[in-house]
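The values are calculated or read from the model by the stated rules, or taken from the named source; none is laboratory data. Only a predicted model underlies this, so the values are computations on that prediction, with no experimental measurement involved. Cβ placement follows ideal geometry from the backbone for every residue including glycine, while neighbour counts extend to all protein chains displayed. Note: accessible area is taken over every heavy atom of the protein model, side chains too, but ligands, DNA and RNA are not part of it. Shrake-Rupley method; radii C 1.70, N 1.55, O 1.52, S 1.80 Å.
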Amino acid sequence: MLDPIVNFFTRVFHWIGRGIGLLIAWILWPFLAAGRWYTKRGWIIRGSVGLVVLLFVGLYAYFFAQTQMWTGFDPNYVQKYNLAARNVSAGEQVSAASGSDTSRTCGRSAIVDVAADLTDFNVNQNAWISSMLLYKAGFFGIDWDNTPFFDNKASFQRGVNQAVRRTAVELVDALGRVRGTSQIDNDLQRARENIQFSENSWYFGLNPFGPKTPTPTFYRTAVQSLRSFNDRLVRCDAVFDARADNLIQFLDRIASDIGSTSAILRERSENFNGGWFDTRADDRFWFAYGQLYAYYGLLHAANADFEDVVKQRSLGSLWDATEQQFSSALQIKPFIISNGNEAGWIMPTHLATMGFYVLRVRSNLVELRQVLDR
C-alpha cells in the first residue's frame, strides 16, 4: 500500500538530484573547457596563462582578506579618548603668559580629532573596499552589494564616511568660524572638499576615460587637513565657535541624517521579507551600523567640545542616556543578517531591530535639541 508513495518520493529526489547535477555541470563547464584548452597549448602559452591565473588568485586572496579583517574595529572606541578628564571647551584659551600672544594655548576640538581618526581608520588602518578593482568588478558582473558576499565592510565604511562628511560640512559652515564675521577656514574647507570625493574611484576610469586619483588618497589628504586645523586651534590660530545655537544645529543635522537611514531600513524591512535570503539586507544593516559607530564617537566628542553649554543647560544625564543608546545599538553584530517578517518565528528581523535603535537614538537627539532650545 505504501509502494506508490515510496515511488513518488523516489522520483522526486531523483529529479532533484539530477537538477543539482545539471546545475553543477553548468557552473563547472567553462572551467573544464578552459582546462582542456590549456593542456593542449605549448609551454610558453601555458606559462603566460598560468602567471595570469596566479595573479588573479593572489588578487582575490588579498581582496578576501581585506573584506574579512576589520583592523581597529572597536564598538567602545570612544573610551580611549578619555574626554571626561578634559575640562576645557574646544577653542577656549587655557593658558597664557604675561601679555605674550605666542604662549597662548587653546582647547583642541575632539570632534575634529574623532573625524580624522575615523577616516584614518577607514583608509589607513584598513583598505578602502569600495574603490578596490575587484570590488568594482563585482561577482561575474553582478554588483557585490547585490550579493550576500564581501560587501559588509564596504557598507560599514560608507556609513562611517557618511557621518564624517556631514560633520565636515558643519565644521566649515558653522563650527569652524564665527558666523557672519569670519571667513571659511582653509584647512576645514580642504577637508570638506576631499572627504566629499567619490567613494569608488580607482587609478583608472572610463567616465571620464583616463587615469584618476584613487579615493583613499583624497581621504588621507582630508585627515591631514583636519589635523592641521586642530594643531592651529591649539595655538589659538583657528576658531571653534562652541555656542549653544551651533550645537543645536549640529544635533539637528545628525538627527536628520539618522532619520534618513531609518527610512531606508523601514522601506527594506516592510517591502522585502526574504529572511536570510535577502541579499541587500546586509549592506543596509552595516551602513546604518557604520553611521551609528561614527556618530557615537562624534557625539561623545561634542560633549567635550561644548562642555560649558552642556553644563549650563544641565544636559549631562540626558547626554549620557543618548550615548548609551548608541552603545546598545553597536552591540548588535549578527553573523548573518536576516530580514525576516516581524511576525515571523523562524527567521529573525535584524533590520527592524536596528531600525528600532536608530529611532531611539534619533528621539534622544531631538530631546537634547529641545532642551537646548528652551
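Just a few scattered comments:
- Screening Asp282, Asp308 for residues that are under 23 Å from the mean Cα position of the chain (by Cα), modelled with pLDDT under 95 and assigned to a helix (DSSP H, G or I) leaves exactly one candidate, Asp282.
Every residue, every condition in (1) touching a helix residue (DSSP H, G or I) at 6+ places or on another chain (Cβ under 8 Å); (2) modelled with pLDDT of 95 or more, yes or no:
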| position | (1), (2) |
| --- | --- |
| Asn200 | yes, no |
| Gly205 | no, no |
| Tyr219 | yes, yes |
| Asp237 | no, no |
| Asn246 | yes, no |
| Leu251 | yes, yes |
| Ser269 | yes, no |
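- Helices (runs of 4 or more DSSP H) within region 43-140 that include 3 or more residues in contact (Cβ under 8 Å) with a residue 40 or more places away in the chain and among the aromatic types (Phe, Trp, Tyr): 43-68
- When residues of region 249-283 are limited to those that are hydrophobic (A, V, I, L, M, F, W, C) and open to solvent by less than 20 Å² (accessible area, probe 1.4 Å), the one farthest from Pro348 (Cα to Cα): Phe250
- Selection from region 333-346 of residues that are buried (at least 17 other Cβ atoms within 10 Å of the Cβ) and part of a loop (DSSP other than H, G, I, E, B): Ile337, Ser338, Gly340
- Summed over region 349-374, residues that are polar (S, T, N, Q) and under 19 Å from the mean Cα position of the chain (by Cα) total 1.
- Scanning region 160-215 for residues that are among the aromatic types (Phe, Trp, Tyr) and in a loop (DSSP other than H, G, I, E, B), we see that the one that is nearest to Ala255 (Cα to Cα) is Phe197.
- Residue match in region 314-336 (condition: under 30 Å from Ile184 (Cα atoms), modelled with pLDDT under 95, out of contact with any helix residue (DSSP H, G or I) (no Cβ under 7 Å at 6 or more places or on another chain) and small (Gly, Ala, Ser)): no
The rows are residues; the columns are (1) over 21 Å from the mean Cα position of the chain (by Cα); (2) surrounded by 20 or more Cβ atoms within 10 Å (Cβ to Cβ).
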site: Asp173; (1), (2): yes, no
site: Asp185; (1), (2): yes, yes
site: Asn200; (1), (2): no, no
site: Tyr203; (1), (2): yes, no
site: Pro211; (1), (2): yes, no
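- Flag for Ala174 being of a type in the set (A, V, I, L, M, F, W, C) and at pLDDT 95 or above: no
- Only one of Ala321, Ala301 that is surrounded by fewer than 21 Cβ atoms within 10 Å (Cβ to Cβ), touching a residue at least 40 places away in the same chain (Cβ under 8 Å) and in a helix (DSSP H, G or I): Ala321
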